[in-house]
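This report concerns only the one structure given below.
Bear in mind that the values in this text are calculations on the coordinates, not laboratory data. Predicted, not measured: the structure shown is a model, and the values here were computed from it. Backbone-built Cβ (ideal geometry, glycine too); neighbour counts: all protein chains shown.
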Ligand SMILES: [Zn+2]
């Protein structure tokens, strides 16, 4: 809603609420997030935002001393620009803890940094063979340094971490739900569900501690997808049969087509500048991806594909095109998430194929990650082609926003202005970055509200403030359209409502 005038009630209403001069916005949807991972991470040492290695080591040491009963210390995140080429040595973490295993997630969540004890317990050493989809960073003599990239490599370590109890898992998800509610989010797409995780969503909903409506995207694995679909289908049915205050669905399948640019694992059409022999990592065999995507669609799952490099985006679009060709017409809302690089010839295909491009708006700025980790790998000309939101909107494509939390903050009010001014938190560069791809505030708000509502097939229910819509809205202290754009990120959310019920109320101090 815009403008500051009082509105006369239109038509019938059930209840009158005094909003005390607060400004009303539609509540936000998060079209791509990992709140369970975020909640788990909040239970370990919290190193996000620390700007030197010494500070990280000391937070981990303090956590270990305060939690002597925790056998495996797992936390995060760390800033990859603190290590040369994003490489971090086990010996540095040994200074914090040497007798218990330590695992820290990198900010990208495609990389971990571990201490020597973690590698010893996992049996990872010089003789460990290379991985199919993953990379063990090694010293020249072959010893692993302590940095592991992507699935198979990360799993060498994480598969040894003992499972958490269900009550710990419920606490983690409930903490994530509270953070989302305080950020104004009433629906999210969990974009990575493996075996065991849907049960945590069901159990948390049952306790009433999950406040939002959520759709789960089950991750199809290239090696085990055929078997895993039995689990996905059973869980989807379990959710359809459930009757919680929040609505839980499991109607989506997630595919990773590639990795990330910063690790050299995003799939590129032209080779990497720093490794001219490499185009990056293709997670799937092309024919197998087509087969799995068509199968998922044939049993009425929606498709959600991670694609970062222009090669990854190309194969994601090809897979969707294949599905449209081989399966009958029906309601589909396919999503390609991240879309960091898109070849010019692929721009028009989003609108043609009805593909929603999901962006994380806080990434659309020239931060240290770009300078130190991305641009040296892809070169300046490709670096100047990132996050083409405006080009996609102008082509007629739909866009939606997501946080990718815990990779980035879950707060839409931080992401929204970044899509408009494209500056870092410090306001740099003052003129913005690649401003020809910037959005207006109205367009950015739509991507975080009606855009995500469309992605979730709920555009007639929430995502805008109109008579007849569900009362999903947030109260903020001021009208964002009358404030300087870079102050919107400090605007406070007073309350969040889902279907007319408050799921968050800020305590007055
Ligand atoms: Zn993600």
Fill in: 0 to 90° range, to nearest 10: angle between helix 412-421 axis and the chain longest Cα axis
90 degrees
Practice prompt. Can you grab the distance from the C-alpha centre of segment 321-351 to the C-alpha centre of segment 465-509, Å, no decimals?
Written response: 33 Å
Worksheet item: Which FRET efficiency value, to the nearest 0.05, do you get for residue 241 and residue 152 by plugging their Cβ-Cβ distance into 1/(1 + (r/R0)^6) with R0 = 30 Å?
Response: 0.25
Worksheet item: Out of the DSSP beta bridges found with both residues in the chain, what percent are antiparallel (nearest 5)?
Response: 40 percent
Worksheet entry | Pairwise centroid distance, computed over Cα atoms, of segment 13-49 with segment 381-424, Å | 19 Å
Fill in: Burial order of peptide ranges 466-475, 46-55, 149-158 (average beta-carbon count within 10 Å, highest first)
149-158, 466-475, 46-55
Worksheet item: Among 249, 440, 68, which comes first, then next, by fewest other beta-carbon atoms within 10 Å?
Response: 68, 440, 249
Practice prompt. Order by neighbour count: 401, 63, 28, fewest other Cβ atoms within 10 Å first, most last.
Written response: 63, 401, 28
Worksheet item: Using alpha carbons only, how many degrees (0 to 90, rounded to 10) separate the axis of helix 53-66 from the longest principal axis of the chain?
Response: 80 degrees
Worksheet, complete the sentence: Taking the alpha-carbon centre of each part, the distance from segment 146-164 to segment 106-129 in Å is 7 Å
Practice prompt. Rank-order 185-197, 262-274 by packing density, defined as the average count of other C-beta atoms within 10 Å over each peptide's residues, highest first.
Written response: 185-197, 262-274
Practice prompt. Once you have a ≥ b ≥ c as the square roots of the Cα gyration tensor eigenvalues for segment 402-450, tell me rounded if a/c is under 1.5, and otherwise prolate or oblate according to whether a/b is larger than b/c.
Written response: oblate
Practice prompt. Working from Cα positions, state the angle (0 to 90°, nearest 10) between the long axis of helix 310-326 and the longest principal axis of the chain.
Written response: 60 degrees
Worksheet entry | Prolate/oblate/rounded call for segment 72-158, Cα gyration tensor, a/c under 1.5 rounded | rounded
Worksheet item: Using only helices, what value at 222 nm comes out for the chain when you add -39,500 (n - 2.57) per DSSP H run of length 4 or more and divide by the total residues, to the nearest 500 deg cm²/dmol?
Response: -9500 deg cm²/dmol
Discussion item. Let me make sure I get this right: for the chain, a, b and c are the square roots of the gyration tensor eigenvalues over alpha carbons, sorted descending. Under 1.5 in a/c it's rounded, otherwise prolate if a/b > b/c, else oblate. Which is it?
Written reply: rounded
